[in-house]
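Engineer: There's a structure below that I have some questions on.
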Amino acid sequence: MKSQSTIQPPKLADRFFNWYCRNELSESIQGDLHERYDFYRTEYSPIRSNYLYWMDILRFINRHTLKRTSTRRTFIPTIMLKNYTLVALRNIKRNKAFTMINVIGLSISMAVCLLILATIDDQTSYDEFHSKRDDIYRVTHERLNAEVNIPIATTPMPLGDRLRNEYASLEHIVQFRRGFQGEIIDNGKAINLNGYFTNPEVFELFDFELEVGNPATALSEPNSVILRKDIAEKFFRDKDPMGQDLNVEGLGQFKVTGVLKELPGKTHINFEALSSFSTVASLEKQEILSESLSDWEKLSTGWVYFNFKEEEKLADLQNTLNRISDESYDEDSEYEVVFHIQKMTDITPGPLMGNQIGQSMPNFFIYGLVVLAILIMTCAAFNYANLTTARALTRFKEVGVRKVMGSTKGQVIMQFIIEAVLVSLFSLLLAIGLLKLLIPAFESLNMSSLLEWKLNPDTKVYIQFFIFSLVTGLVTGFFPSLYMSSVKPINALKGSSGPKMGGIGLRKSLIVTQLVISIVLIISSTLVHRQIKYMMTRDYGFQRDNIVNIALQGQDFDLLKPELEKLSFVEQVSGANNIPNTGQHYDIDIRKTVSEEAEKYNYFAVDESYIKNLKLELVAGTNFTPKQTEEREVIINEQAAEALGFATPIEAIGGNVILGDSTNVNIVGVVKNYNFMILYMEIRPLLLRYNPEEFEWAQAKVAGANPIQELKELESVWAGFDPNHDFDYKYFDDQIEEFYSMFYDFVYIIGLISILSIVIAGMGLLGIATYSIQTRLKEVGIRKILGAEGKNLVMLLGKSFFIMIVISTFIGGLISFFGNKAWLELFAYRITFGYDILGIAFLFIIVVGGLTIGTQTWKAMKTNPADILRNE
Amino acid sequence: MRFNLGEFEEIVLLVVAAQNDDAYGLSVTTAIEKELKRSVTMSSVHTALYRLEEKGLVKSEVGGTTKSRGGRRKRIFMISSAGKDALLQAKDARTHLWSMIPKIVFEGQ
């Protein structure tokens, strides 16, 4: 018997049994079970015995044995709800500072999450107004032998007819073709028009509606066009647009046959006008548009959308598509193409694709945002829990009394969750306020105008916000409430310190992690900011103050130049094809002899005033001979002289090079190196070519004494010169700054996240400081009685936090040093990683930490030892 | 007083009475298995015992510890006077019904 009883039944089964079984019954039943198990072991194999034992235990689950928890009976204590809310409100009111910190911390995190929520909402709201949206598909393609293998949204034009003729199960097939764009001269103003050629079925497949015009015939005649309402108003104002002629430069005369109703929502198909598909054939015949209708290798000209007649036979259609691609493309050729079918609702957000018909947000971006939101809220919830449990010491008595009066664990949990939900709802109000501030800032980012972000939260979004904050409250309140409700009333009323909170080490390492993240973010955003500032203000080696760049818009530079130079404040005007340091570049083949392999050099097409105007320095040779009719001379920079193999710049003078195929030019001068390209790159070989034909810009050097007056006069000269186009100008330095300001997007975003992380880390610090100081209050009291001075106490309490901050700064400094070095080294001209930045970050954290810990320490020191020790 | 005893409850109650002062969950289970050659699960016996206790037909008290059960005490079930009444009533009812069967019914065999 004794030897048998040493054989223990499976522990897990016992634990499970004890978990569900009522305490009064568990002992006797478990005894029986064990006795029975001993019997099994004498009869059966251990495995079978264990199995039988488990079965016994499972069979014992019934209404007699299950634990009776009182929460089951009063899951929602309706009667007490009012009391809980009242107590929660009182508590919130009483601890104003504490509530403020909690609400601010939560609301900042929440605002960011709301922003993300609104963004996701906005980005998933495309194409919702099409009644057939779930039935519409399009064909995409993938080139198997291309270098970059991403799916492409366009398909060759002949595919549309093949599908129409060979595949009967499709109801509507709508093709869009690129190329319907050009300037329209209206009342002396040139306005750009962008649209597509498409077939009449577009009104049946999609829910684009015509305000005027007949959808059945509007797009059937060649050279007919329908306009978006705002565009029609722009061109024709009060006039009735129907039947009017529209002269699209380069394409010919079009007749307006319809005006589109304003769209009820966003669509991924972006256009200002649609023209009839029947126009395409004649335009291609006249060679105005390049041949595409029967060319299977023109892969990027058009899109094809369709829906099925009755049931959707996707696999069947895919087979047909495979057959078509097999017939139309040679295997192993450069053009081996496979077609895919894509559902319209999967387009945006959808997979990353080339040649989209409009803007589209890749879906991984959405996933990234969701992950970010979850991370932020996890941190915020963690900190809320940390702070609440830290302050819980003052509320143990309340819980104790509640429990003595008959409150159950479930009810206490309920109470604290309600409190968290209230705090979370307060935070929501503040967060919505913050969001109102954030949205304009966010929408002004270059990035967001690219993606057409319109973050106007509607009722649906607000309901989402509300649900979100409720869930946040539930989640954040869950852990503190579990902790608070585990108080044993007898301990609470005796005044001892409540249940032990395990894992102070874990909490410390979490805080260190938060601090490290903040430090890395502070340092990185400072560095990015400095680098951009550096690039914008650096001396590029050319003059850019007081130069107005005027876009020629097709006008003759030679005629404009003397007109501009007549103005008294204009010193001189030079022409150029391109503005340096704005991200664009042109290049051309160059070689010294015909037999040599050509290299590509960047070039600017300029005139003889260019060097003087931009104050470039000629280190050798001379400027261009003015008024050349043929391109005979070229000026190079020092880098090019070296690259072409001349030992000194002077040696290069008189040298002969061949540009492009056969333009022989003489090197007449060498300019000092200057940064003509974005500072990301080293100075490369550069050619200044004398080539007025390519001019796009007139660069006028002005006195700059009275900019407003000067611009006015420049504009009136332009107006007299070209009444059709608006005066399009930019100050040279503004134009360069504008280009670099794109990078400020990063600064804004990183800056925002670093503020967020500092707030979160600060809250974490505060929580842990409060907790550890509260638990050491008695120690502080005794030390004070024994004569400890203030500074000793500060040392005592602050030391461990100081160590945490130093460790975080060290780790954060290392990470940001190597992390930022990686991207900084991509820049040819860069700032150095200064220790001052590390110092700033350290100081910042010290200040935040000092404030949070300092206030707590000070409070601990101020308390009267008699109050703390009275109970002992 | 009328008692409504289920068939299984009656058997359990009979065994409890038979094992006078030594009846507990497992012993009742094994007795039923052995004497009636009928397979029962321990939990259903326990359930029956609790139900009988709720009806006041058995009393239970916690017994002393035994080594074989890992030191866990037994819950000993004893028949109450109401239980005895219930058993007698059930028996009487059966005898009464038996007496009503005409002799001819069994004679044919």
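Engineer: Kindly point out which whole DSSP H helices in chain A project their C-alpha atoms 24 angstrom or further along the helix axis while averaging a Kyte-Doolittle hydropathy of 1.0 or above.
Structural biologist: Qualifying helices: A:96-123, A:363-391, A:409-443, A:459-485, A:504-537, A:744-775, A:790-824, A:835-862.
Engineer: Using +1 on the beta carbon of Lys and Arg, -1 on that of Asp and Glu, and nothing else charged, what's the dipole of segment B:1-98 about the Cα centre, debye to 20?
Structural biologist: Here the size comes out at about 340 debye.
Engineer: Can you pull out the trypsin sites (Lys or Arg not before Pro) in segment B:1-108 whose DSSP state is coil and whose Cβ has at most 14 other Cβ atoms within 10 Å?
Structural biologist: Listed in order of number, the matching sites are B:Arg2, B:Lys37, B:Arg38, B:Lys103.
Engineer: Beyond 15 Å, what percent of the Cα pairs of segment A:686-784 remain?
Structural biologist: 80
Engineer: Okay, which of segment A:345-366 sit inside 13 Å, backbone N to the point 7 Å along the Cα-Cβ direction of A:Asn194?
Structural biologist: The answer is A:356-360.
Engineer: Quick check on segment A:530-672: of the DSSP beta bridges with both residues there, what percent are antiparallel, nearest 5%?
Structural biologist: 75
Engineer: Could you pull the Rg and Dmax for segment B:6-87, using just the Cα atoms, both in Å?
Structural biologist: Just the Cα atoms of segment B:6-87 yield Rg and Dmax of 12.1, 37 Å.
Engineer: Please arrange B:Met100, A:Met535, A:Met795 by counting, for each residue, the other beta carbons lying within 10 Å of its beta carbon, fewest first.
Structural biologist: By the 10 Å Cβ count, ascending: B:Met100, A:Met795, A:Met535.
Engineer: Which stretch or stretches of segment B:84-109 have amide N atoms under 20 Å from the point lying 7 Å from B:Glu35's Cα along the Cα→Cβ direction?
Structural biologist: B:84-95
Engineer: Assuming R0 = 35 Å, can you tell me the calculated FRET efficiency for the pair A:Gln628 and A:Tyr680, based on Cβ-Cβ distance, to the nearest 0.05?
Structural biologist: According to the calculation, E is roughly 0.55.
Engineer: Taking neighbour counts of Cβ atoms within 10 Å as a proxy for exposure, in what order, fewest first, do A:Met353, B:Met78 appear?
Structural biologist: By the 10 Å Cβ count, ascending: B:Met78, A:Met353.
Engineer: Under the definition of Cα pairs under 8 Å and six or more residues apart, what whole-number percent is the relative contact order of segment A:568-703?
Structural biologist: Worked out over segment A:568-703, it gives 39 percent.
Engineer: Taking 0.36 nm per residue of sequence separation and subtracting the Cα-Cα distance, how much length would be gained by fully extending the chain between A:Leu559 and A:Glu336, in nm to one decimal?
Structural biologist: Working it through step by step, the gained length comes to 75.2 nm.
Engineer: Give me the angle, in degrees from 0 to 90, between the Cα long axis of helix B:81-100 and the longest principal axis of the Cα atoms of chain B, rounded to the nearest 10.
Structural biologist: 20
Engineer: Same structure again: Quick check on my link table: of A:Lys266/A:Lys460; A:Lys615/A:Lys701; A:Lys266/A:Lys343; A:Lys229/A:Lys460, which ones sit more than 21 Å apart, alpha carbon to alpha carbon?
Structural biologist: In this structure, A:Lys229/A:Lys460 lie more than 21 Å apart at Cα.
Engineer: What number, in percent, do you get for the relative contact order of segment A:608-654 if the mean sequence gap of Cα pairs under 8 Å and at least 6 apart is divided by its residue count?
Structural biologist: 33
Engineer: Turning to a different aspect of this structure: Given the -39500 (n - 2.57) contribution per DSSP H run of 4+ residues, what per-residue ellipticity at 222 nm results for chain A, rounded to the nearest 500 deg cm²/dmol?
Structural biologist: Per the formula, -16500 deg cm²/dmol.
Engineer: Under 26 Å Cα to Cα from B:Lys84, which lysines show up? Leave out anything in the same chain fewer than 8 places away.
Structural biologist: B:Lys34, B:Lys37, B:Lys55, B:Lys59, B:Lys74
Engineer: Okay, next question. Compute the semi-axes of the equivalent ellipsoid of the protein assembly as shown, taking the square root of 5 times each eigenvalue of the Cα gyration tensor, and list them largest first in whole Å.
Structural biologist: Computed over the protein assembly as shown, the values are 80, 44, 28 Å.
Engineer: Another question, if that's okay. Using a Förster radius of 56 Å, what is the FRET efficiency between A:Thr537 and A:Ala216 based on their Cβ-Cβ separation? Nearest 0.05, please.
Structural biologist: 0.35
Engineer: What relative contact order, as a whole-number percentage, does segment A:237-295 give when Cα pairs under 8 Å and 6 or more residues apart are counted?
Structural biologist: 22
Engineer: Label points 7 Å out from Cα along the Cβ direction at B:Asn4 and A:Leu814: separation in nm?
Structural biologist: Inter-label distance under the simple model: 7.7 nm.
Engineer: State the extension gain, in nm to one decimal, for the chain segment bounded by A:Leu375 and A:Leu144, taking 0.36 nm per residue of separation less the distance between their alpha-carbons.
Structural biologist: Contour length minus the Cα-Cα distance gives 79.3 nm.
Engineer: A:Ala703 versus A:Asn247, label points 7 Å from Cα toward the beta carbon: distance in nm?
Structural biologist: My value for the distance between the label points is 4.1 nm.
Engineer: Would you list A:Val528, A:Val520 from fewest to most Cβ contacts within 10 Å?
Structural biologist: A:Val528, A:Val520
Engineer: Also, quick follow-up: For the pair A:Arg237 and A:Glu738, how long in nm is the line joining their label points, each one 7 Å along Cα→Cβ?
Structural biologist: 2.8
Engineer: Nothing charged except the Cβ atoms of Lys and Arg (+1) and of Asp and Glu (-1): what's the magnitude of the dipole of segment A:704-807 about its Cα centre? Round to the nearest 20 debye.
Structural biologist: Roughly 1960 debye, rounded to the nearest 20.
Engineer: Separate question: What is the mean number of Cβ atoms from other protein chains located within 10 Å of the Cβ atom of each residue in peptide A:22-34, rounded to a whole number?
Structural biologist: Across the residues of A:22-34, the mean count of other-chain Cβ atoms within 10 Å is 6.
Engineer: Another question, if that's okay. Antiparallel DSSP bridges in chain A: what percent, to the nearest 5?
Structural biologist: 75
Engineer: Roughly speaking, what is the stretch gain from A:Lys309 to A:Ile185, that is 0.36 nm per residue apart minus the C-alpha to C-alpha distance, in nm to one decimal?
Structural biologist: 40.3 nm is the gain from fully extending A:Lys309 to A:Ile185.
Engineer: Report the residues of segment B:37-51 in range of a label on A:Arg22: point 7 Å along Cα→C-beta, backbone N strictly under 15 Å from it.
Structural biologist: Within reach of a label on A:Arg22: B:46-51.
Any read-out appearing in this document is the output of simple, stated calculations on the displayed coordinates, not a laboratory observation. Because the structure is a prediction, the values reported are computed rather than measured. Here Cβ is always computed from backbone atoms with ideal geometry, including for glycine, and neighbour counts include all displayed protein chains.
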